[in-house]
Amino acid sequence: MPITFQAENVSFPSIIKRRKTAEWIKRVAEKYGKKTGGVNYLFCDDERILSVNKQYLSHDYYTDIITFDFSEGDTVSGDIFVSLDTVKSNSEKYKTEYGEELHRVIIHGVLHLCGLKDKSAADAEKMRKAENEALKLR
């Protein structure tokens, strides 16, 4: 199954090269002993991600990413919503390049599918380290 990228209510980010990004995602998953199944990215705006957050997670706030994990065994699969609005504001807040922040968020979702967590401070630190390592593989 493929890795797909779509946009809803936003322009597709021109810095995302579909084939190159999909190959990178596969390399990162392989690093964790996983193969990729159907991984679907939907780039959207803040209102769409807020709607998803409320409907499926009962959260009433904006976020940069929501990952729905459908993985089975060693095959990672899922639907990943990415708010380009929040990615942009986070890149300004953390003083990072927009492209780097967007790629960080893209790989963050895959790392969740590979089993990494980020709820505790220790897990968040491991996640950030894994993101940084993955960004070097791009």
Practice problem: Order by neighbour count: Y41, Y56, Y62, fewest other Cβ atoms within 10 Å first, most last. | Solution: Y56, Y62, Y41
Exercise. Using only the alpha-carbon atoms of the chain, report the extent along each of the three principal axes, biggest first, to the nearest angstrom.
Key: 35, 33, 31
Quiz item: What ranking do S83, S89 get, fewest neighbouring Cβ atoms within 10 angstrom at the top?
Solution: S89, S83
Quiz item: Under a Cβ-Cβ cut-off of 14 Å, what is the net charge of the residues other than L135 that fall near it, where Lys and Arg count +1 and Asp and Glu count -1?
Solution: +3
Exercise. Filter the cross-link list K26/K117; K26/K119; K31/K54; K20/K88; K20/K95; K17/K129 down to pairs whose alpha-carbon distance in this structure exceeds 31 Å.
Key: K31/K54
Exercise. Quick one: work out the % antiparallel among DSSP beta bridges in the chain, nearest 5.
Key: 30
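Taken together, the values in this text are just the output of simple stated rules run on the coordinates, not laboratory data. The structure presented is a predicted model; accordingly, all values stated were derived computationally and were not measured. As a convention, Cβ positions derive from the backbone with ideal geometry for all residues, glycine included, and neighbour counts pool all protein chains shown.
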